[in-house]
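Remarks on the structure that follows.
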Amino acid sequence: MAKGMREIKRSIRSKQSTKQITKAMEMVAASKLRRAQEAAVAARPYTDKLKEVVSSIASSAGSSKHPMLLTRPIKRTAYLVITSDRGLAGGYNANILRKVLLTIKENHQSPDEYAVFVIGRKGRDFFSRRDIPLAGEVTGLSDSPKFSDIKEIAAQAVQGFEAGKYDELYLAYNKFHNAISQEPTLKRILPLGEMQAGSDKADYEYEPSAEEVLNVLLPKYAETLVFSALLEGKASEFGARMTAMGNATKNATKMIADLTLTYNRARQAAITQEIAEIVGGANAQQ
């Protein structure tokens, strides 16, 4: 009985240590979530305004032949997948990676029909384990990433589409709604055919021409979409981690309570047995 009680007590101490760690990680994630959420929300008006300007210019340009605006037969598709470098974030990585893998299996017959770009160590390792070659990767991003951190891989994917290496480009990321809700999203960002069907044309004067302005703005707009998705992904990551660590803390608390109850019962049984042995011994001496 004493040995069993020692094991229960050791298990209680272990769960208490785990609870302290998960509680601390929950608080850290909550702190980082606030900053990441502010960055994601702040980026949305800029992205929306840039889309409005580009749509207006594309509409004014009329029959622009810019490759980013033209829809062509789909022979090869590129996916830019945004994941995290670290785990312990619930289903944050698994959900989006499962969605991308399922899409690849459903839509492509061979690796020649698609290319995968990855941001985040979890995504890189996931595809490497499945022998899926990567066209580009970025890992080791900070918790507050800058555009310069992903500019190279974003430009690589966008320029690949412009050059005709890919006929469409998808962004795969977790869209942030709130701390407990992140939506795995697969969004086609190229071609930008809907730009020419923009709403009202603004009264702009272009120098030297609308086509020249589009040549500069369209790649920047596509790269901005990638960065905006990264910011959404970071907010989603910290929200998912905060929720996961909160659930882990609750589970540890419940396990500690159950183990404590078991320990108290075992201790009471041991005391009762000792009393019974003492009384039995006293009666035997009479």
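The values are calculated or read from the model by the stated rules, or taken from the named source; none is laboratory data. These figures come from a predicted structure and were not determined experimentally. Because the Cβ atoms are built from the backbone with ideal geometry, glycine has one as well, and the counts that use them run over all protein chains shown. Heavy atoms of the whole protein, side chains included, go into the accessibility calculation; ligands, DNA and RNA do not. Shrake-Rupley method; radii C 1.70, N 1.55, O 1.52, S 1.80 Å.
For segment 234-247, what does the Karplus curve 6.51 cos²θ - 1.76 cosθ + 1.60, with θ = phi - 60°, yield as ³J(HN,Hα) per residue in whole Hz, taken in order and with x for Gly and Pro?
With the stated coefficients, segment 234-247 comes to 5, 4, 5, 4, 6, x, 5, 5, 4, 5, 5, 5, x, 5 Hz.
So if a site counts as exposed when it's one of the chymotrypsin sites (Phe, Trp or Tyr not before Pro), its DSSP state isn't H, G, I, E or B, and it has at most 14 other Cβ atoms within 10 Å, what's the longest stretch of the chain without one?
1-203
Which of 231, 128, 117 sits closest to the plus end of the dipole of the chain, meaning its Cα is farthest towards the positive end, when Lys and Arg get +1 and Asp and Glu get -1 on the C-beta?
128
Using alpha carbons only, how many degrees (0 to 90, rounded to 10) separate the axis of helix 92-107 from the longest principal axis of the chain?
It is inclined by approximately 50 degrees.
Pull up all non-local amide H partners of residue 84: gap of 5 or more, or a different chain, and H-to-H distance under 5 Å with H placed in the peptide plane.
122, 123
Give the accessible surface of segment 50-242 per residue, rounded to a whole number of Å², with probe radius 1.4 Å and ligands, DNA and RNA excluded.
Using a 1.4 Å probe on heavy atoms only, each residue of segment 50-242 averages 47 Å².
Sort segment 50-242 into rounded, prolate or oblate with this rule: let a ≥ b ≥ c be the square roots of the eigenvalues of the Cα gyration tensor; rounded if a/c is under 1.5, and if a/c is not under 1.5, prolate when a/b is larger than b/c, oblate otherwise.
Prolate is the answer for segment 50-242, as a/c is 1.5 or above and a/b outweighs b/c.
Which residue, 243, 185, 260, tops the fluctuation ranking in a GNM of the chain built on C-alpha contacts under 10 Å?
260
For helix 147-162, report the angle its Cα long axis makes with the longest principal axis of the Cα atoms of the chain; keep it between 0 and 90° and round to the nearest 10°.
Helix 147-162 sits at roughly 50 degrees to that axis.
Enumerate the residues in segment 85-103 having an amide nitrogen under 20 Å from the point lying 7 Å beyond the Cα of residue 177 toward its Cβ.
The answer is 89-100.
Name the residues whose placed amide hydrogens come within less than 5 Å of the amide hydrogen of residue 166, ignoring near sequence neighbours (fewer than 5 apart) on the same chain.
Correct list: 161.
Kindly express, to the nearest 10 degrees and within the range 0 to 90, the angle between helix 2-61's C-alpha long axis and the longest C-alpha principal axis of the chain.
For helix 2-61, the angle is close to 10 degrees.
Mean-square fluctuation check for the chain, GNM, Cα pairs under 10 Å: which of 257, 42, 229 is largest?
Result: 257 has the largest fluctuation of those listed.
Given springs between every Cα pair under 10 Å in a Gaussian network model of the chain, which of 175, 165, 254 has the largest fluctuation?
254
Can you compute the FRET efficiency between residue 108 and residue 216 using 1/(1 + (r/R0)^6), with r the Cβ-Cβ distance and R0 = 30 Å? Round to the nearest 0.05.
Step by step, r from the Cβ atoms, then E = 0.35.
Using a 1.4 angstrom probe on heavy atoms only, work out the carbon and sulfur share of the accessible area of the chain in %.
Looking at the chain in its full context, I get 52 percent from C and S.
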